[in-house]
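One structure below.
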């Protein structure tokens, strides 16, 4: 029906239009039904308020709606009845405590992907789809529906291994080490990492300094076929709806567990993962601040894995300080390669990388995985595999850690007293590294000269800040002065040399023969 | 800090501003912190996106934010750090599956009332506060916090009775009858009803045709002291935050049970109710379409009552057709007064009114409540009490049903065949009555000449439409033709003469003596 647009002074965040009741009767539209409005701009959808007193022939709408329709007050628009999307009914059902089936969840995911739902509606869904109101079958349906919004990869071989860290540990640079170790034992591991979101350096940020990380599906498949593993960066080819969900969550500062698990697992489903190791860092800067929440997370994701047919083990790991000494893209690249070259380095990195690689090897049927992983690392086989993968990703096959440049502008921060390093505050370290330019300035970052438990004398260098420019160095120094990144105490704190706090095996060992045939 | 506003083309429904990192350091503001921005208009709150590449001295914001601040691009604004409201942290906790305490719930309700939360944030809270993610203690805290946003009434006497229907039954006009019966037995019943939201006539819409329903607290208290009961209209004096919650729910078409219960009970807490009867109509047009959901609702609200110290009984009632014959303000007023006058009328109204009044009498300690209620109604005592209450509400103390005018324009709808009335569709009846002008035209509405189970001959009048004007009558006729309000069938359907399907007594009888002293 052709109607004339009139400006309303109603202020609502959702699109609402007021229509005369007789006009509604003619269009077959009821109060709270939806209409589609076509002007010269976008076709917009709005909720109808019927009014006997509204003038016939008018559609009363907000300035925002007029703008979206590309019309001004007095212009003519076409208004037609629009059925309520099934997704809205499904979201209502979830808010009312109902259990959604596969088709209902697919309708929601499909409409998020098609941008048929507002951010408000998506947020309402996320809020209702919480840990007490979504069962594991619903999370599995959600995972599959999210995976179906993008490409899926068929590597043509099984099993396909992967590992994933829930994050929150600065300097966690073990990915290329783990991939190189297990790929040199013949495991298939198409590892896709990510760039930093709120941290100072994601795995893809530092790998990007020495080889390509952006790979399309064809490049990924051929690299995996050649070398067994990759250090790629996840992209919008796989489960792209995840980004739209994150966009709705971000302003509220939320990432509820069922949604987080579905986001993670949808990428794994897309890449064809059959065996997954999940690293659950335990610490006050991570998603699981205590052992109970870590175990509960492990239980939930292993159940989800069972429904998805993915064999999942979990390892709860220490996250009480940065891993290794380097934070920032080039610094982390250098330290990572040093580990592979067998150079002297923080034993925590070797312990965590070999523990994780060892679990993956045991998931593939090997015995004494950690010892085997250490042997592979020390033998130089992992380093050879690393260089092979770097080459498939167009990096220098003769890459050496000493060739990695770091920031020219540096500042040492010294201890003001004798004692022991009592704590390192991850949040402060990340904030200082970011102030120094990381991750967008790849030269920026921090090198920790001491870790928790080290004996310190007054005047010792605690950490060194690196920056690309003098002004960014100044900024980082100012940030360091406004915080307390490290504390020196009188008594030596007790520390562990084991990075894995608890290993949580899979619920049932799947028949590997089935995958291998 | 003074900054210059710059227009951004970012489109987000939530307020976000982009700031330079150095400016943020100076203000002590981090990524995703909030700032308050003061221009020449409103002080607005926004979420900060920190950016190293943003120009120092600028605050980049959307046109909507510029407008709200009352500034244009290039103008100077004052930007200061704003702590994250506790309410946001509480909403996040609820979304993450946590249990909220009293103070946390009070922070959310307080910030909704103070309009410190966006509709999106309120909606996220409502969605997360669903039946599987909110326990009854949280609902009780919410109820009390909502009640605390408005006035509370102290009638100075106890017990204080009330009854409440969950609605969805057209023509449910029993309120003045029930109040009059129980008030004539000496019960205190400050009944506050509501106007129609989506129906053709709320209790206050028809009571308003013969006496005042808008009463301030002083008038309410004095009327209750004088007559024992009132037929007032609920207003924004009591638990006003409820309206803001409904405003956030409405566009999503939701009213989840925990929120609905808190909204209802917050008004009862505000008025000082000690004994409440809840009418749970059962039918496909009501909130409880099956007996299991009705029982589950009864269980939940009785538990809530226990925590709030309110003695609650529930009655599940028939809602398979309109109650009585009249739908629409004047028609319902006339029928209601006829019942009190002892005139011949639909026995279902007498049965439901006396059953409900009887339960209230039994809650007050009387025996054989329904029989006693019938006796009071038939003796004319209820009618006398009704006229007394009408007088305290400035109505005509000699009010008679035959003096109530109805719509001049009428149209009879006839049966096209012989048989029995097989069904009456509540939704269609309401839609036709609304098309005829109800409730804003008090003359508009419908009179049902036959009810489910009646024998019908071809040509019999099934129902009569009343309207104030010929054009509204035409509109209602058109609406009736496009629907199927009544069905005539060959075999007589089985009907019940009992309006109460199931009575669900309170969990424990409170010591009435305690209240009466």
Checklist entry - Can you name the number of the only condition in (1) more than 19 Å from the chain's Cα centre (by Cα); (2) outside any strand (DSSP E or B); (3) within 14 Å of chain A (Cβ to nearest Cβ) that residue B:141 fails? => result (3)
Next on the checklist: Let me spell it out: the conditions are (1) part of a loop (DSSP other than H, G, I, E, B); (2) within 14 Å of chain B (Cβ to nearest Cβ); (3) more than 18 Å from residue A:264 (Cα to Cα), and residue A:158 meets all of them except one. Which number is the exception?
Outcome noted: (2)
Item to check | Residues located in segment B:439-487, provided they are away from chain A (no Cβ under 14 Å), touching a helix residue (DSSP H, G or I) at 6+ places or on another chain (Cβ under 9 Å), under 21 Å from residue B:406 (Cβ atoms) and assigned to a loop (DSSP other than H, G, I, E, B) | outcome: B:451, B:485
Item to check | helices (runs of 4 or more DSSP H) lying entirely in segment B:338-423 (those with 3 or more residues that are closer than 21 Å to residue B:451 by Cβ) | outcome: B:347-363
Next on the checklist: Looking for something more than 16 Å from the chain's Cα centre (by Cα) and either farther than 24 Å from residue B:503 by Cα or more than 14 Å from chain A (Cβ to nearest Cβ) (or both) - is there at least one such residue anywhere in segment B:231-250?
Outcome noted: no
Checklist entry - Considering segment B:159-174 alone, what residues qualify as being surrounded by fewer than 24 Cβ atoms within 10 Å (Cβ to Cβ) and more than 11 Å from residue B:276 (Cα to Cα)? => result B:166, B:167, B:168
Next on the checklist: Looking at residue B:114 and the list (1) surrounded by 15 or more Cβ atoms within 10 Å (Cβ to Cβ); (2) under 23 Å from the mean Cα position of the chain (by Cα), which single condition is not satisfied?
Outcome noted: (1)
Checklist entry - Which one of these does residue B:51 not meet: (1) at pLDDT below 90; (2) more than 14 Å from chain A (Cβ to nearest Cβ)? => result (2)
Checklist entry - Mind checking whether some residue in segment A:129-138 is under 29 Å from residue A:362 (Cα atoms) and either more than 12 Å from every other protein chain (Cβ to nearest Cβ) or free of Cβ contacts under 8 Å to residues at least 12 places away in the same chain (or both)? => result yes
Item to check | Those residues of segment A:324-337 which are in contact with a strand residue (DSSP E or B) (Cβ under 6 Å, 6 or more places away or on another chain) and assigned to a loop (DSSP other than H, G, I, E, B), in sequence order | outcome: A:325, A:328
Item to check | Single match in B:107, B:90, B:42 (criterion: in contact with a helix residue (DSSP H, G or I) (Cβ under 9 Å, 6 or more places away or on another chain), within 14 Å of chain A (Cβ to nearest Cβ) and under 26 Å from residue B:146 (Cα atoms)) | outcome: B:90
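Name the residue, out of B:42, B:107, B:87, B:82, that is over 29 Å from residue A:437 (Cα atoms) and surrounded by fewer than 20 Cβ atoms within 10 Å (Cβ to Cβ).
Working: B:107 fails: surrounded by fewer than 20 Cβ atoms within 10 Å (Cβ to Cβ); B:87 fails: surrounded by fewer than 20 Cβ atoms within 10 Å (Cβ to Cβ); B:82 fails: over 29 Å from residue A:437 (Cα atoms).
Criteria check complete, one pass: B:42.
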Next on the checklist: Can you go through B:281, B:289, B:322 and tell me which one is buried (at least 23 other Cβ atoms within 10 Å of the Cβ) and more than 17 Å from the chain's Cα centre (by Cα)?
Outcome noted: B:322
Checklist entry - So, of the residues in segment A:402-421 that are at pLDDT below 95 and within 25 Å of residue A:168 (Cα to Cα), which turns out to be farthest from the other protein chains (Cβ to nearest Cβ)? => result A:406
Checklist entry - Of these, B:214, B:236, which one is farther than 19 Å from residue B:261 by Cα and surrounded by fewer than 24 Cβ atoms within 10 Å (Cβ to Cβ)? => result B:214
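Among the helices (runs of 4 or more DSSP H) lying completely within segment B:11-112, list those that include at least 3 residues that are touching a strand residue (DSSP E or B) at 6+ places or on another chain (Cβ under 9 Å).
On the way: elements: B:21-27, B:63-69, B:86-95.
Passing ranges, in order: B:21-27, B:63-69.
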Checklist entry - Can you tell me how many residues in segment B:424-438 are more than 21 Å from the chain's Cα centre (by Cα), surrounded by 21 or more Cβ atoms within 10 Å (Cβ to Cβ) and assigned to a loop (DSSP other than H, G, I, E, B)? => result 2
Checklist outcome for this item: Condition set surrounded by fewer than 19 Cβ atoms within 10 Å (Cβ to Cβ) and at pLDDT 85 or above, scope segment B:19-39, selection farthest from the other protein chains (Cβ to nearest Cβ): answer is B:38
Next on the checklist: What's the number of the only condition in (1) surrounded by fewer than 21 Cβ atoms within 10 Å (Cβ to Cβ); (2) at pLDDT 95 or above; (3) farther than 30 Å from residue A:228 by Cβ that residue A:446 fails to meet?
Outcome noted: (1)
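The values are calculated or read from the model by the stated rules, or taken from the named source; none is laboratory data. Just so you know, these numbers come straight off a predicted model, no measurement behind them. Using ideal geometry, Cβ is built from the backbone for each residue, glycine included, and neighbour counts are taken over all protein chains shown.
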